Amino acid sequence: MPAFPRPRRLGLALAGLCLAGRLWGAVDTARTSFARDVQPLLEDNCYDCHGDGESKGGVHLDAFVNDGSLHDRKLWLRVMKNVRAGLMPPADQPRLLPEEYQKLMTWIKFQAFGLDAEHPDPGRVVLRRLNRIEYRNTVRDLIGAEFDTLNQFPPDDTGQGFDNIAEVLTISPLLLEHYLDAAQTVVEQVVPTQSKTVAVHMLSGGSFSAIPPATVKPPKNRHGALDLSYYAPATVSASFHAEQAGKYKLTADLMAVEKYVDNQFDLNRCQLTLRADGEVLVTQEFVREGDKPFDFTFEREWPAGDHTVTFEVQPIAPDQPHLRQLRIRIKSVAVAGPEARSYWVHPPHYRKFFPNPVPDTPAARERYAAQLLGQFAFRAFRRPVDDETVGRLVELADSVSSQPGGTFEAGIAQAMVAVLASPRFIFRTEETEPPAPGEAYPKIDEYALASRLSYFLWSSMPDDELFRLAAHGQLRAHLGEQVARMLADPKSSEFVRNFTGQWLEARDIPTVQIDGLAVYLREHPNAGLEKAIAVFRRVSEIPDDKRSAPEKAEFAAARASFISFVRAPKPQLSEELRNAMQRETEMNFDYVLRSDRPLTELLDCNYTFLNEDLARLYGISGVIGDEMRRVVLPPESVRGGILTEGTVLAVTSNPTRTSPVKRGVFILDAILGTRPPPPPPNLPALEDAASPEVLRTLTLRENLKLHATNPTCAACHARMDPLGLALENFNAMGAWRDGEYNRKIDPQGTLITGEKFSDIRQLKHILATSRRRDFYYCFTEKLMTYALGRTMDYYDVDTVDRLVAALDASGGRPSVLLSGIVNSAAFQERRAN
């Protein structure tokens, strides 16, 4: 029995309810408004499936037995999202009228959720640890250290697809130990521990020049190194001028590198000769080394004047095929000297950390230490530091410097280690301003606001300008211009890289497993190859001494056929191609963001970003060279927009084939914001829906249809499959294809909301037009999740509604959304508890 009477059928019910109200006193606003405004809508549109004993999807909308059940926030949030996305009522049922929709949404927000439009709840804030990227960038900007957190720290946990969510950024004993080690390593890397040391002059690889008669200029890579090919003779040199005579130490930093090519082995060799002033220091033969580093160190007595360091490469066995671009990379040559103490100099970056001479008296040294450590701790903790903390750091520095052999610099360095190991560095602590009269929630102070901004847009600590404004209480007053300045700064590339890397899974493309051979065979079935494999397997089971002459000949022919096929060139997802795909996704988002283009261009546009390799994969002509650039696409091109980019297509595929289910789930989650529930346990694999022989005769569409005959699976597949199948013309590497296993691909479908499409172009158009508000809601929630470091909840719905309304009114301009987020209560305030 329904808890509340149905006004449409029981005309006296409301009168009775009002009489009861007079008898009982004031009637709860949520109860009366539910009976008056909401229950009639549910009865007319929802009770066939979710009332009168029906509970599809486990949803009951007529079983509210008390006030508490009426405020079931989880239930009403689900109702709100399904109605807003057009999933409910179903597409074959009448839609709510606009005024009915608004009445339902308003009641859910302000009655069921109890939100206050005048005082938005900023949400629950959890103490937030720096993730690996933020830690790496922060120590770089704080003291100039490059620390590889991706290899030194364990992976961060994720929430809602993002690795900056406070609740999941836990800290284990192992991670704490890593932080202690990292603090020591980072400081040792850049902070001098003595005032003078042997002078070191660096000859970068890029400073070496070819010596005639070399006809090919050796290529410099993007890191300032120089690559010398195994395949061509080359001689390069660089000069060093010694101001004084003395003992010098030369250290050559080299690496053997190659371009990986699957199932292709390069047997080339070369001989490297290193000379100093014509004297041979080392001669060594190199084979394929697999990105192996090499260091060579030599001591020399040199007179004052110019000295030349030379590298020479000579190929060995040059008739071998050139398959993997084998190279010797000259990273640098360090020349240290003279070693006599009279010629020692300040270490690199000494004045950065010790701008003034170290005082002679203990009291003056103590004041200088307090100045240095107070400034460092302020920047590291991202807010002012109390005198007691500074005093403890000075005491630590003094205890180190006063040891036998200790130096003032070593003491400061060890105190810096303590700062970097402190929870106040590892965690982003926030304080609030005194609440103003009438404020329901206090504002975070301007130092916390500076950190929220910088870690949102830079994934790093605030810079001097943000600190200066925060110190003067002027950051809020200049928020708009600061956001513009920060987006114009090169450090904002971290926002582009990290947000797209997680929202669109673009950062997974370097490691996604794709079997190029298996993908190729699905589109180019080879009966001869299958026969050769069958022969190979059959004859392999016969011992060598038992094989007949015809069997041996058959085996040899099959083996030769198989090897010939494997070695023939085929499309491969090379490292360079993966990098280009990731850059395409990042550059597309970056262009829309910085040009303030409509966000719907991320779904459907007439351009993309390509280099020659990626354009070739996409079948687009006229793009020459390795440089990524914006390319206007031909009319009627299927490309344009994130759904047809190689990153999305590859990371949503299986190693040997496409996955319409993964691709469909991706669109539901990343574009429409309606991710389906996880599949039930023990669900059979798609390949188990029929025998291998039958599967070879089925398209993936037919295979999915067979798989989804289970009623438990059908509902979700009805949402996922049409979206994923619309992308079936793109193989697992992102290349276009018309068919698979000699069967033509059919990309047409119907969305669960009723819209029909014939191909990916029409689907993109639907998503960017009639379903654009679904995309706006999804994108807004993703961006807010990333910006706030927490997941969205019921108390955010009114804020999201306002942001989406402003975004839609602006034509989808990113600047409007960014401004709305950083000015929102969720970004600027916090709960007191």
From the set of residues in region 164-194 that are in a loop (DSSP other than H, G, I, E, B) and in contact with a helix residue (DSSP H, G or I) (Cβ under 7 Å, 6 or more places away or on another chain), which is farthest from residue 310 (Cα to Cα)? 164
Restricting the search to region 195-206, which residues are surrounded by fewer than 16 Cβ atoms within 10 Å (Cβ to Cβ) and in a loop (DSSP other than H, G, I, E, B)? 196
Residues being over 18 Å from residue 228 (Cα atoms), without any contact (Cβ under 8 Å) to a residue 60 or more places away in the chain and in a loop (DSSP other than H, G, I, E, B) - total across region 263-279: 3
Kindly evaluate residue 318 against the criterion of being under 21 Å from residue 252 (Cβ atoms), outside any strand (DSSP E or B) and not polar (S, T, N, Q). no
Out of all the residues in region 233-262, which are part of a loop (DSSP other than H, G, I, E, B) and more than 25 Å from residue 319 (Cβ to Cβ)? 243, 244, 245
I'd like to check something: does region 138-150 contain any residue that is among the charged types (D, E, K, R) and part of a loop (DSSP other than H, G, I, E, B)? yes
Does residue 292 satisfy being more than 30 Å from residue 517 (Cα to Cα), surrounded by fewer than 19 Cβ atoms within 10 Å (Cβ to Cβ), of a type in the set (Lys, Arg) and in contact (Cβ under 8 Å) with a residue 24 or more places away in the chain? no
Output for region 749-765, where each listed residue is part of a loop (DSSP other than H, G, I, E, B) and without any contact (Cβ under 8 Å) to a residue 12 or more places away in the chain: 758
How many residues does region 622-646 hold that are in a loop (DSSP other than H, G, I, E, B) and of a type outside the set (S, T, N, Q)? 16
Could you tell me whether any residue of region 715-733 is more than 29 Å from the chain's Cα centre (by Cα) and farther than 24 Å from residue 83 by Cβ? no
Complete set of residues in region 793-820 that are in contact (Cβ under 8 Å) with a residue 40 or more places away in the chain and of a type outside the set (Ser, Thr, Tyr): 793, 796, 797, 798, 801, 807, 811, 812, 813, 814, 817, 818
Checking the structure you have, find out if any residue of region 797-804 is within 25 Å of residue 119 (Cα to Cα), open to solvent by 40 Å² or more (accessible area, probe 1.4 Å) and not in a loop (DSSP other than H, G, I, E, B). yes
Residue 596, sole failed condition from (1) out of contact with any Lys or Arg (no Cβ under 9 Å at 6 or more places or on another chain); (2) charged (D, E, K, R); (3) not in a helix (DSSP H, G or I): (1)
Being modelled with pLDDT of 95 or more, aliphatic (A, V, I, L, M), part of a helix (DSSP H, G or I) and within 22 Å of residue 264 (Cβ to Cβ): is that true of residue 587 here? no
Tally time: how many residues in region 321-344 are assigned to a loop (DSSP other than H, G, I, E, B) and either touching a Pro at 6+ places or on another chain (Cβ under 9 Å) or of a type outside the set (S, T, N, Q) (or both)? 10
In the set 125, 139, which member is surrounded by 14 or more Cβ atoms within 10 Å (Cβ to Cβ), more than 16 Å from the chain's Cα centre (by Cα) and modelled with pLDDT under 95? 125
Quick one: in region 482-509, which of the residues that are open to solvent by less than 10 Å² (accessible area, probe 1.4 Å) and not in a helix (DSSP H, G or I) is nearest to residue 594 (Cα to Cα)? 504
Working carefully through the options 621, 574, find the one that is polar (S, T, N, Q) and open to solvent by less than 30 Å² (accessible area, probe 1.4 Å). 574
Here the residues within region 736-758 that are of a type in the set (A, V, I, L, M, F, W, C) and touching a Phe, Trp or Tyr at 6+ places or on another chain (Cβ under 7 Å) are 736
What number of residues within region 236-283 are under 12 Å from residue 302 (Cα atoms) and open to solvent by less than 40 Å² (accessible area, probe 1.4 Å)? 6
Looking at 674, 600, 656 in this structure, which one is among the hydroxyl-bearing types (Ser, Thr, Tyr), open to solvent by less than 70 Å² (accessible area, probe 1.4 Å) and at pLDDT 95 or above? 600
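The values are calculated or read from the model by the stated rules, or taken from the named source; none is laboratory data. All values reported here derive from a predicted model rather than from experimental measurement. Backbone-built Cβ (ideal geometry, glycine too); neighbour counts: all protein chains shown. Only protein heavy atoms, including side chains, enter the accessible area calculation; ligands, DNA and RNA are left aside. Shrake-Rupley method; radii C 1.70, N 1.55, O 1.52, S 1.80 Å.
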